[in-house]
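Q: Take a look at this one; I'll ask things after.
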2 protein chains.
Amino acid sequence: MTQTFRKQIVQRITRNFLDILILRLIQTEPMWGYKIIKKTERLFGLKIRHGALYPLLNSMEAKGYLRSQKKTERGRVRKVYKITSKGIELVDAYYDFLKEQLQRLDIKEA
Amino acid sequence: MTQTFRKQIVQRITRNFLDILILRLIQTEPMWGYKIIKKTERLFGLKIRHGALYPLLNSMEAKGYLRSQKKTERGRVRKVYKITSKGIELVDAYYDFLKEQLQRLDIKEA
DNA sequence: TACAATATGTCCTTTTCAAGACATATCGGC
DNA sequence: GCCGATATGTCTTGAAAAGGACATATTGTA
């Protein structure tokens, strides 16, 4: 049961915070879309549809969280993404909130 | 900007993990729907629509996370909810996941 | 030359979700 | 008696999201 709950939580987080997961990955190392798909599958068993990822990456760049550069290597044209300072701010806000959440809610009211 | 990001994260978490927020509240103290609405508004400035809350509470009870008891006090019929052991397990899975997330993703691969 | 893998993109259809309206009942104060 | 607060419930409508198909180009291998 505990394992089932874990899976449920992971699914819900990755569905709703996919953008932040991607930012966290790119923060550790600049990456392109296809690599993100392969990496999340290996690391987390998470299959991101490319039809969901590419529009998301584009919108994240438009919002200023990422910056891309086209790089060609052995005929493969890749859009390599780097995180921006704005992107780092968003990830930090996420981490800060998680820390806050871990402080249990047993605040007694007046 | 940092504050804007915070608000964005809070909104996204509370939209997607409202059930767990409710479980956490009820875990600290048994409660009924109307009180949850008033309490989250006072504590977090979070306005939960009753049209969203009551069906959620019912489905959470159906799933075994909560157990309710009708209590009448001065003519007010309240459905007081208590968290079940299954509900506690779900909350714990959430906390465990948060802790895991806080460990940054700088895992280098082989 | 055909096929799998790499690489990025759009689009449509279905399903899910959120907001607000509709609905009912009691109590206390004016 | 009426209104605001307490208390719980459903339902419809519209918007957002998820899934999968359609689309294209290159490289390496069988």
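Laboratory data are not the source of any read-out in this text; all were calculated from the coordinates shown. Please read these numbers as outputs of a predicted model, since none were measured by experiment. Cβ: placed from backbone, ideal geometry, glycine included. Neighbour counts: every protein chain shown.
Q: Farthest toward the dipole's positive end in the protein assembly as shown, which of A:P55, A:V80, A:T2, given Cβ charges of +1 (Lys, Arg) and -1 (Asp, Glu) about the Cα centre?
A: Of the listed residues, the answer is A:P55.
Q: Cα-based Rg of chain B per 2.2 N^0.38 Å, rounded to two decimals?
A: Numbers: Rg = 16.7 Å, N = 110, 2.2 N^0.38 = 13.1 Å.
In units of the 2.2 N^0.38 Å rule of thumb, it is 1.27.
Q: Same structure, new question: Based on Cβ point charges of +1 for Lys and Arg and -1 for Asp and Glu, what charge dipole magnitude is obtained for the protein assembly as shown about its Cα centre, in debye rounded to the nearest 20?
A: Details: 48 positive and 22 negative charges, 126 e Å.
Here the size comes out at about 600 debye.
Q: Distances from A:N16 to the same position in the other copies: list them in nm, one decimal, shortest first, using label points 7 Å from Cα along Cα→Cβ.
A: 0.6
Q: Do the sum for chain A: with -39,500 (n - 2.57) for every DSSP H run of n ≥ 4, divided by all residues, what is the mean residue ellipticity at 222 nm, to the nearest 500 deg cm²/dmol? Before the final figure, lay out the partial values.
A: Values: 5 runs with 69 residues, N = 110.
Mean residue ellipticity, 222 nm, calculated: -20000 deg cm²/dmol.
Q: If we hang a label 7 Å off Cα along the beta carbon direction at B:R42, how far is it from the matching labels on the other copies, in nm, shortest first?
A: The answer, with the shortest distance listed first, is 5.3 nm.
Q: So if I place +1 on the C-beta of Lys and Arg and -1 on the C-beta of Asp and Glu, and nothing else carries charge, what would the dipole magnitude of region A:2-102 be about its Cα centre? I want it in debye, nearest 20. List each step's numbers first, then the result.
A: Details: 22 positive and 9 negative charges, 129 e Å.
Using Cβ point charges on Lys, Arg, Asp and Glu, region A:2-102 gives about 620 debye.
Q: Could you compute how fast the protein assembly as shown diffuses translationally, taking Rh as the Kirkwood radius over C-alpha pairs and applying Stokes-Einstein at 25 °C with viscosity 0.890 mPa s? Give it in µm² per second.
A: On the way: Rh = 19.5 Å.
Reported coefficient: 126 µm²/s.
Q: A further question follows. List the distances, in nm to one decimal, from the label point of A:K71 to the label points of the same position in every other copy, shortest first, placing each label point 7 Å from Cα along the Cα-to-Cβ direction.
A: With the label placed 7 Å along Cα→Cβ, A:K71 yields 6.2 nm.
Q: Please average, across the residues of B:88-100, the number of beta carbons from any other chain that are within 10 Å of each residue's own beta carbon, and give a whole number.
A: Mean partner-chain Cβ count within 10 Å for B:88-100: 5.
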